[in-house]
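Q: Below is the structure I would like to discuss, written out as structure tokens.
Rule-based calculations on the coordinates, nothing more; no lab input. For clarity, every value in this text was computed on a predicted model and none was experimentally measured. With ideal geometry, Cβ positions are generated from the backbone for all residues, glycine too; neighbour counts draw on all protein chains shown.
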Amino acid sequence: DIQMTQSPSSLSASVGDRVTITCRASQSISNYLNWYQQRPGKAPKFLIYAASSLQSGVPSRFSGSGSGTDFTLTISSLQPEDFAIYYCQQTYSIPPTFGLGTKVEI
Amino acid sequence: EVQLVESGGVVVQPGGSLRLSCAASGFAFDDYTIHWVRQAPGKGLEWVSLITWDGGTTYYADSVKGRFTISRDNSKSSLYLQMNRLRTEDTAFYYCTKGKGPDIGTSSSYEDWGQGTLVTVSS
């Protein structure tokens with residue numbers, strides 16, 4: 001199985017900050033990388049697919065980049081509703097696997 | 001609007017059995033590969049199983065292989081997960097998920113999620 005490693009596991013930030021989360025795959029996954037946001041008590045929300053494509057309806061302050069083994073999720077100006085846990089996921093091979101998550105806190 | 005509504009989660013003793021259901025609407029259910037994903041309380045996301053549009057192909061996580069069975073009834077737009085020989089580590093919210101596309105490859109990008117149903121395995 002492909003292992004996904006996210007860093008940091010948590011971070012503290014303020015409204016308006018630029019935030020970057022990193023995800024590393026244990027082998028090359030091309031651009032088969034998705035990002036999800038999960039708010040407390042809610043199901044995950046699909047943010048970015050194919051490493052850098054923004055899902056419809058997701059604010060443009062979210063962006064993704066990377067290919068191969070190293071990927072990033074960037075929030076250009078953190079908003080109050082962005083405080084949540086973010087997960088990366090590879091879909092290069094079955095089983096699809098997730099990182100352990102990055103908690104973005106105030 | 002796509003809707004996925006899971007049901008069937010309860011408290012069950014270790015070694016017991018349970019069947020989860022997911023009622024789907026708002027899309028052509030019988031075209032899509034559908035997955036189950038679970039999340040233990042306070043923990044991360046874990047893929048459980050998938051089933052292709054016709055039920056002809058299924059995959060399982062090693063952690064559930066031989067104990068869980070995924071199935072579907074396209075006439076009812078419903079997905080099921082039969083869970084046998086349950087263990088305490090199976091305690092989790094179970095989500096059914098629909099991907100961006102209908103095939104196995106695109107189905108793993110989970111565009112739509114249900115609200116989840118909580119399975120608690122405890123004596």
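Q: Do we find that A:Ser77 is away from chain B (no Cβ under 11 Å), under 20 Å from A:Asp17 (Cβ atoms), in a loop (DSSP other than H, G, I, E, B) and in contact (Cβ under 8 Å) with a residue 12 or more places away in the chain in this structure?
A: Working: away from chain B (no Cβ under 11 Å): yes; under 20 Å from A:Asp17 (Cβ atoms): yes; in a loop (DSSP other than H, G, I, E, B): yes; in contact (Cβ under 8 Å) with a residue 12 or more places away in the chain: yes.
Considered against the rule, which asks whether it is away from chain B (no Cβ under 11 Å), under 20 Å from A:Asp17 (Cβ atoms), in a loop (DSSP other than H, G, I, E, B) and in contact (Cβ under 8 Å) with a residue 12 or more places away in the chain, A:Ser77 comes out as yes.
Q: Output the number of residues of region A:22-50 satisfying the condition of being charged (D, E, K, R) and over 20 Å from B:Val2 (Cβ atoms). Walk me through how you get there before you give the answer.
A: Kept after step one, since they are charged (D, E, K, R), are these residues of region A:22-50: A:24, A:39, A:42, A:45.
Then drop every residue that is not over 20 Å from B:Val2 (Cβ atoms), which leaves A:24.
Summing the residues that are charged (D, E, K, R) and over 20 Å from B:Val2 (Cβ atoms) in region A:22-50 gives 1.
Q: Do you know which residues across region B:62-101 are within 14 Å of chain A (Cβ to nearest Cβ) and either assigned to a helix (DSSP H, G or I) or surrounded by fewer than 19 Cβ atoms within 10 Å (Cβ to Cβ) (or both)? It would help to see each step written out before you state the result.
A: Step one: list which residues in region B:62-101 are within 14 Å of chain A (Cβ to nearest Cβ), which gives B:62-65, B:68, B:70, B:92-101.
The answer is B:Asp62, B:Ser63, B:Lys65, B:Gly101.
Q: Can I ask one more? Which residue, of A:Lys45, A:Lys103, is within 14 Å of chain B (Cβ to nearest Cβ), under 12 Å from the mean Cα position of the chain (by Cα), charged (D, E, K, R) and over 19 Å from B:Glu111 (Cβ atoms)? Reasoning before the result, please.
A: Working: A:Lys45 fails: over 19 Å from B:Glu111 (Cβ atoms).
Among A:Lys45, A:Lys103, only A:Lys103 is within 14 Å of chain B (Cβ to nearest Cβ), under 12 Å from the mean Cα position of the chain (by Cα), charged (D, E, K, R) and over 19 Å from B:Glu111 (Cβ atoms).
Q: I'd like the full set of residues that are outside any loop (DSSP other than H, G, I, E, B) and within 30 Å of A:Ser56 (Cα to Cα), limited to region B:1-19. Lay out the reasoning, then the answer.
A: Within region B:1-19, the first condition is being outside any loop (DSSP other than H, G, I, E, B), and the residues that meet it are B:3-7, B:11-12, B:18-19.
Passing the criteria: B:Gln3, B:Leu4, B:Val5, B:Glu6, B:Ser7.
Q: So A:Ser56 clears everything in (1) surrounded by fewer than 14 Cβ atoms within 10 Å (Cβ to Cβ); (2) small (Gly, Ala, Ser); (3) more than 10 Å from every other protein chain (Cβ to nearest Cβ) except one condition, right? Which one?
A: Checking A:Ser56 against (1) surrounded by fewer than 14 Cβ atoms within 10 Å (Cβ to Cβ); (2) small (Gly, Ala, Ser); (3) more than 10 Å from every other protein chain (Cβ to nearest Cβ), the one that fails is (3).
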